[in-house]
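The values are calculated or read from the model by the stated rules, or taken from the named source; none is laboratory data. These numbers come from a predicted model, not from an experiment. Here Cβ is always computed from backbone atoms with ideal geometry, including for glycine, and neighbour counts include all displayed protein chains. Just the protein is used for accessible areas: all its heavy atoms, side chains included, with ligands, DNA and RNA removed. Shrake-Rupley method; radii C 1.70, N 1.55, O 1.52, S 1.80 Å.
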Amino acid sequence: IDHFGDEYEFLVITRDTDYCETEAYNNIYQNEWNKLEEHLSVFYISEKNLNKNFLKDLIKSTNFDTAYVNGIYSRFFSILPVYLLRNSDIPVIVAARGMLNSQAFSVKPLKKKIFLSLMNLVSFYENIQFHATNEDEATFISNAIKNYRNINVAPNLPRKIEAVEFQKRGKKDTVKFVSVARVAREKGTLTTLRALSQAENNQKIIYDIFGPVYDQEYWKECKEIIEELPDNIQVNYKGSIAGEDVPALFQHYHFFIMPSEGENFGHGILEALTAGCPVLISNKTPWKNLKVKEIGWDCSLDSKDLNTALEEAVNLDQETYNIWSKNAFDFAKKYCNDPKAVDSSRKLFISAISYKL
């Protein structure tokens, strides 16, 4: 939206609550349009109005040229919008967001496969354009969906960040790690804690966890390990954080850590690098060969492999850390300033509108 605010007007329909939360956002008007900027209005739907008829009336009463649907499995925000628009004159783009990638089936695989089989049976996506963020995802989509209009590839757009200067941070007494993601098995919180439990040095380490707890049983496993960690390792659960506050958050940490089972893009990874914060992630993301670039580590999902990376991160001396931190900053700056991603996204919308014309 920030990238294209000068070219298009955006109308966003979403819940009135954050992910895994029950209380509505502060300072919003529920069930009506909120004009946040000249080019942006948001409609926050309350829980009581999340139903087919309300959504149908809302779509019918809203004037728009293209529908962009995030995700695959959400009843009200992925499935119903496509159902209500699939035979209309409005072009529909569905962003799969990695939900059809092979690693996404590690969670609720049977339920997802049954759903996709039914959708294919009725040719649910027959007139729909899919947005893939890379060629690999395009292949995953074509394997999962049997009838669709086409698949366009456009890289994920990074957050539009105003010009910032590189800031050094001291790394002498305490090494600070941070994760910003939901606490869930696929995000690797437990893997991180197990790697920390294997640490053999006495360096003081702080690991702060930001994000909603998605799976309480999984979090219980995490807390059991936290309770057994040595005194030099401190783990703090910080709860959720507003998206706009994330870039500044990374300035207070040395490393970002998230050994997830897979990321279609990983905005948090890029935002950490943008802040000069090297990353420890899995090798199941698009971000590869990080150690060679001296901007982080992409490890296997084995906690021992992650532990090795942790030890190397902790043992970086100040001079070497400064180099890695500056490398991360420069890498992210170059990526974010590449106009190709913006041009690809523009073509994505133009092709959708042109098809209907």
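See the values below:
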{"quantity": "Pair list, Cβ < 6 Å and 6+ apart or interchain, from the stretch 24-37 residues that are part of a strand (DSSP E or B) to residues that are of a type in the set (Ser, Thr, Tyr) and open to solvent by 90 Å² or more (accessible area, probe 1.4 Å)", "calculated": "none"}
{"quantity": "Within the stretch 197-219, considering residues that are assigned to a strand (DSSP E or B) and open to solvent by less than 40 Å² (accessible area, probe 1.4 Å), the one nearest to Val183 (Cα to Cα)", "calculated": "Val213"}
{"quantity": "Odd one out for Asn34 among (1) open to solvent by less than 40 Å² (accessible area, probe 1.4 Å); (2) modelled with pLDDT under 95; (3) over 24 Å from Leu116 (Cα atoms)", "calculated": "(2)"}
{"quantity": "The stretch 279-298, residues that are open to solvent by 10 Å² or more (accessible area, probe 1.4 Å), outside any helix (DSSP H, G or I) and not aromatic (Phe, Trp, Tyr)", "calculated": "Asn283, Lys284, Pro286, Lys288, Asn289, Glu294, Asp298"}
{"quantity": "Candidates Ser325, Ser351, filtered to the one that is open to solvent by less than 70 Å² (accessible area, probe 1.4 Å), out of contact with any helix residue (DSSP H, G or I) (no Cβ under 6 Å at 6 or more places or on another chain), more than 26 Å from Lys204 (Cβ to Cβ) and assigned to a helix (DSSP H, G or I)", "calculated": "Ser351"}
{"quantity": "Flag if Ile79 is free of Cβ contacts under 8 Å to residues at least 60 places away in the same chain, open to solvent by 30 Å² or more (accessible area, probe 1.4 Å), closer than 30 Å to Lys284 by Cβ and of a type in the set (Val, Ile, Thr)", "calculated": "yes"}
{"quantity": "Matching residues in the stretch 242-278 - criterion: being over 15 Å from the mean Cα position of the chain (by Cα), open to solvent by less than 40 Å² (accessible area, probe 1.4 Å) and not aromatic (Phe, Trp, Tyr)", "calculated": "Leu249, His254, Thr274, Ala275, Gly276, Cys277, Pro278"}
{"quantity": "Inter-residue pairs, beta-carbon under 6 Å, first at negative phi and in contact (Cβ under 8 Å) with a residue 12 or more places away in the chain and in the stretch 105-126, second assigned to a helix (DSSP H, G or I) and small (Gly, Ala, Ser), 6+ apart", "calculated": "Leu116/Ala144"}
{"quantity": "Scope the stretch 328-348; condition assigned to a helix (DSSP H, G or I) and within 22 Å of Ile295 (Cα to Cα); matching residues", "calculated": "Ala328, Phe329, Asp330, Phe331, Ala332, Lys333, Lys334, Tyr335, Cys336, Ala341"}
{"quantity": "Residue within the stretch 39-48 that is among the acidic types (Asp, Glu), free of Cβ contacts under 8 Å to residues at least 40 places away in the same chain, open to solvent by 100 Å² or more (accessible area, probe 1.4 Å) and more than 20 Å from Ser78 (Cα to Cα) present", "calculated": "no"}
